[in-house]
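Visitor: Sharing a structure below in structure tokens format, with a few things to ask.
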Amino acid sequence: MRRAMPARRSATRLLAMAGGMALGLLASPARTADVEYGKHLSAECITCHGASKSDSTIPDIHGLGEAHFVEVLRAYRAKALPNPVMQSIAVRLGDEEISALAAYYTTAKRPK
Ligand code: HEC
């Protein structure tokens, strides 16, 4: 069992860090590496979040703000958001992977 409180505190700290990094590292080589890594990791997400279907109930995650993206994935990971599918996916992601995915998806265009 994961204890919710410490995770929540560190989430706030990391969110602040991620915000600072996003400001400082825009278009830097480290930033580019992050986006590339995120693209690589997104192979797992494409099955569900890839193609646009008008009847789909799966939300489009392309172009989501980075802070929101990180916050939401951390919430699924901590089981603070109820969706079991996203919980089981997020529980396997580390902080660096979530940051990289956020960096990628914030600029990524949804494939047509
Ligand atoms: C098996 C299908 C499936 C896969 C694979 C999947 N997702 Fe999801 N995802 C969903 C569903 C369904 C929801 C909506 C859940 C809800 O209503 O709470 C969702 C919601 C989300 C949201 C919240 C969007 C919002 O606007 O709040 C994010 C962010 C997200 N997924 C990211 C990812 C990432 C990153 C991956 C890959 C590591 C991934 N998902 C893989 C099905 C999937």
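Visitor: Tell me, which residue of segment 25-41 that is touching a Leu at 6+ places or on another chain (Cβ under 6 Å) and at pLDDT 90 or above is farthest from the ligand (Cβ to nearest atom)?
Guide: Among them, the one singled out is Gly38.
Visitor: Can you pull out every residue in segment 48-80 that is near the ligand (Cβ under 8 Å from one of its atoms), part of a helix (DSSP H, G or I) and either hydrophobic (A, V, I, L, M, F, W, C) or surrounded by 15 or more Cβ atoms within 10 Å (Cβ to Cβ) (or both)?
Guide: Within segment 48-80, Cys48, His49, Phe69, Val72, Leu73, Tyr76 meet the criteria.
Visitor: I've got another one for you. Scan segment 82-112 for residues that are among the charged types (D, E, K, R) and farther than 13 Å from His49 by Cβ and jot them down.
Guide: Arg92, Asp95, Glu96, Glu97, Lys112
Visitor: Please verify whether segment 81-94 includes one or more residues that are within 20 Å of Arg31 (Cα to Cα) and open to solvent by less than 60 Å² (accessible area, probe 1.4 Å).
Guide: Yes, segment 81-94 contains a residue that is within 20 Å of Arg31 (Cα to Cα) and open to solvent by less than 60 Å² (accessible area, probe 1.4 Å).
The values are calculated or read from the model by the stated rules, or taken from the named source; none is laboratory data. Keep in mind the model is a prediction, meaning the values are calculated, not measured. Counting neighbours? That spans all protein chains shown, and the Cβs are built from the backbone with ideal geometry, glycine included. When the accessible area is computed, the model is the full protein with side chains, heavy atoms only, and any ligands, DNA or RNA have been set aside. Shrake-Rupley method; radii C 1.70, N 1.55, O 1.52, S 1.80 Å.
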